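Trainee: Next up is a structure, given as structure tokens.
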Amino acid sequence: MEPILLGAIGAGLAVGIAGLGSGIGAGITGASGAGVIAEDPNKFGTAIVFQALPQTQGLYGFLIAILILFVFKTAPAWAMFGAGLATGLAGLSAIGQGIAAAAGLGATAEDSEMFGKAMVFSVLPETQAIYGLLISILLLVGVFSGAGATTVAALGAGFAVGFAGLSGIGQGITAAGAIAATARDPEAMGKGLVLAVMPETFAIFGLLIAILIMVLL
């Protein structure tokens, strides 16, 4: 397959899959926001803030797609394809972030003092997308010059960090429950954070394996 074709597919995967995740996540939060502003129109600004959170994954996908288009002639074909997979699949973490942000918005609507705490929980699933973004950039800028960055091994790196990034959905579900618990009892926040962070360990596993693939293979 021609390098330019793999690059085009990689760019499409990055913006397409990440955009799908962000669209669903923003929709989940937006549905919660519609209910909130129906009760209190003055909460519209707060609803927009929370709905913006899961949209960043789509932005990461867009940026990587643009970067792929700019390095068509210099980046290895499989590196471009793997980069698209990494950011695209990891971008599905926006679904979990949307679930958490919806819960955060609901809690903040009930008690404005919950805003900061709800934001802390709501941003947690973002890290999976950042891991995917990181691997994509490392592949595209040629930080790793070994065979792993220039052959089909780059595909394995993209799958590793991308699929592991789906743990962000589980993290978002846990974060939503922790937000509800914190709203009932502020002292539960610390324990809730521990529970919400635990699903991220699998994303870290994916990140480490992706790096090892690029370095060792």
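The values are calculated or read from the model by the stated rules, or taken from the named source; none is laboratory data. Given the structure is predicted, the values throughout are model-derived calculations rather than measurements. Reconstructed Cβ throughout: ideal geometry from the backbone, glycine too, with neighbour counts over all protein chains shown. Just the protein is used for accessible areas: all its heavy atoms, side chains included, with ligands, DNA and RNA removed. Shrake-Rupley method; radii C 1.70, N 1.55, O 1.52, S 1.80 Å.
Trainee: Does Thr87 meet the test of being of a type in the set (Ser, Thr, Tyr), farther than 26 Å from Ala180 by Cα and open to solvent by less than 40 Å² (accessible area, probe 1.4 Å)?
Mentor: It is true that Thr87 is of a type in the set (Ser, Thr, Tyr), farther than 26 Å from Ala180 by Cα and open to solvent by less than 40 Å² (accessible area, probe 1.4 Å).
Trainee: Name, by its number, the condition in (1) more than 28 Å from Ala196 (Cα to Cα); (2) hydroxyl-bearing (Ser, Thr, Tyr); (3) open to solvent by less than 10 Å² (accessible area, probe 1.4 Å) that does not hold for Ser93.
Mentor: (1)
Trainee: If you don't mind, there's one more thing I want to ask. For Ala175, state whether it is over 29 Å from Ala79 (Cβ atoms), at pLDDT 95 or above and touching a Phe, Trp or Tyr at 6+ places or on another chain (Cβ under 7 Å).
Mentor: When the stated conditions are applied, Ala175 passes them.
Trainee: I need a count of the residues in the range 99-122 that are open to solvent by 30 Å² or more (accessible area, probe 1.4 Å) and aromatic (Phe, Trp, Tyr).
Mentor: The total comes to 1.
Trainee: Out of Phe50, Phe62, which single residue is modelled with pLDDT of 95 or more and surrounded by 20 or more Cβ atoms within 10 Å (Cβ to Cβ)?
Mentor: Phe50
Trainee: Could you count how many residues in the range 123-133 are open to solvent by 10 Å² or more (accessible area, probe 1.4 Å) and not in a helix (DSSP H, G or I)?
Mentor: Number satisfying all stated conditions: 1.
Trainee: Separate question: Which of the residues spanning the range 174-189 are within 8 Å of Ala100 (Cβ to Cβ) and open to solvent by 40 Å² or more (accessible area, probe 1.4 Å)?
Mentor: Correct list: empty.
Trainee: Also: With Ile204, Ile169 as the choices, which residue is within 15 Å of Gly96 (Cα to Cα) and in a helix (DSSP H, G or I)?
Mentor: The unique qualifying residue is Ile169.
Trainee: Do we find that Leu166 is modelled with pLDDT under 95, open to solvent by 30 Å² or more (accessible area, probe 1.4 Å) and not small (Gly, Ala, Ser) in this structure?
Mentor: Considered against the rule, which asks whether it is modelled with pLDDT under 95, open to solvent by 30 Å² or more (accessible area, probe 1.4 Å) and not small (Gly, Ala, Ser), Leu166 comes out as no.
Trainee: Right, Ala77: open to solvent by less than 40 Å² (accessible area, probe 1.4 Å) and on the phi < 0 side of the Ramachandran plot or not? Walk me through it before giving the result.
Mentor: Numbers: open to solvent by less than 40 Å² (accessible area, probe 1.4 Å): yes; on the phi < 0 side of the Ramachandran plot: yes.
Considered against the rule, which asks whether it is open to solvent by less than 40 Å² (accessible area, probe 1.4 Å) and on the phi < 0 side of the Ramachandran plot, Ala77 comes out as yes.
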